Amino acid sequence: LTFYGERFAKELGVATTDQTAIIPADDARKVHLSHRSAANCANFPVHHNASPFSLWKRCPICRERFSLRRTLNQHISTVHYDLRAYTCELCDKDFAEEKSLQRHIDTVHKQIREFKCEFCGKAFGQRGNLKLHIDSIHKDLREFPCDVCGKAFARKGNLKAHIDSIHKKLRDYTCNICGRAFTQKGTLNRHVAGVHKSTFLLPDALSFPLVS
């Protein structure tokens with residue numbers, strides 16, 4: 001089985017904290033499966049002798065597709081290498097890139113909204129979110145339909161969240177304060193911030209799904 005380590009990381013422009021580490025593709029795939037459902041990844045076999053340069057739009061480990069090389073590199077560093085060297089001092093959230101941390105601070109903590117919709121005037125912190133808003137709301141572009149009920153979504157992640165919560169009835173994120181369960185981590189975080197904002201939170205206030 002192909003091994004991806006220092007040379008692989010250098011070829012793809014991925015920085016590693018331990019340049020001597022060699023990560024088996026099978027182990028990296030298991031890490032990836034903790035972030036994504038097995039159903040989404042099982043149909044993408046790992047190529048044994050493929051060149052990283054010929055597959056720069058497709059992850060060589062899990063075969064996930066990406067339109068940009070930068071996005072692919074970020075995916076590899078965060079999902080497979082789990083490298084998040086930049087931590088927000090305001091909320092302790094970790095990021096793989098310094099500019100991602102700065103964007104997080106600007107949009108979440110400073111509430112900077114510099115990208116305004118020309119159709120309705122709604123403002124967004126990121127250009128990508130503005131584009132998604134225009135495509136889904138004003139152009140009604142929803143390229144990801146649900147195979148179960150036919151409802152379409154603008155993002156693959158939103159489709160997955162819909163299937164997990166509506167059709168699979170999954171509630172993997174549980175509040176340790178009141179016991180209420182949620183489908184998405186972000187929904188749990190908003191619940192804790194809104195409902196329990198006056199409660200002193202211990203480090204284990206948020207529960208996350210375990211991978212066996």
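Could you figure out which of (1) out of contact with any helix residue (DSSP H, G or I) (no Cβ under 6 Å at 6 or more places or on another chain); (2) surrounded by fewer than 16 Cβ atoms within 10 Å (Cβ to Cβ); (3) within 21 Å of Arg65 (Cβ to Cβ) isn't true of Asp140?
Single failed check for Asp140: (3).
Search the range 143-157 for residues that are within 22 Å of Phe66 (Cα to Cα) and pair each with any residue that is assigned to a loop (DSSP other than H, G, I, E, B) when their beta-carbon atoms are under 6 Å apart and the residues are at least 6 apart or on different chains.
Hits for this filter: Ala152/Arg142; Phe153/Arg142; Ala154/Arg142.
Every residue in the range 174-184 that is over 23 Å from Pro145 (Cα atoms) and modelled with pLDDT under 85, please.
Within the range 174-184, no residue meets the criteria.
Just give me the residues in the range 118-158 being aliphatic (A, V, I, L, M), modelled with pLDDT of 90 or more and touching a strand residue (DSSP E or B) at 6+ places or on another chain (Cβ under 6 Å), in sequence order.
Ala123, Leu130 - these are the residues of the range 118-158 that are aliphatic (A, V, I, L, M), modelled with pLDDT of 90 or more and touching a strand residue (DSSP E or B) at 6+ places or on another chain (Cβ under 6 Å).
Can you find, within the range 159-173, the residue that is modelled with the highest pLDDT among those that are part of a helix (DSSP H, G or I) and of a type outside the set (A, V, I, L, M)? Working first, answer last.
Of the residues in the range 159-173, the ones part of a helix (DSSP H, G or I) are 159-167.
Checking which are of a type outside the set (A, V, I, L, M) leaves us with 160, 162, 164-165, 167.
Values: Lys160: 87, His162: 89, Asp164: 87, Ser165: 85, His167: 92.
It comes out as His167.
Out of everything in the range 59-72 that is out of contact with any Phe, Trp or Tyr (no Cβ under 9 Å at 6 or more places or on another chain) and in a helix (DSSP H, G or I), what residue ends up being farthest from Gly157 (Cα to Cα)?
Looking at residues that are out of contact with any Phe, Trp or Tyr (no Cβ under 9 Å at 6 or more places or on another chain) and in a helix (DSSP H, G or I), I get Arg70.
The values are calculated or read from the model by the stated rules, or taken from the named source; none is laboratory data. Keep in mind that this is a model prediction, so the values were computed, not measured. FYI the Cβ positions are ideal-geometry reconstructions off the backbone, even for glycines, and counts take in every protein chain you see.
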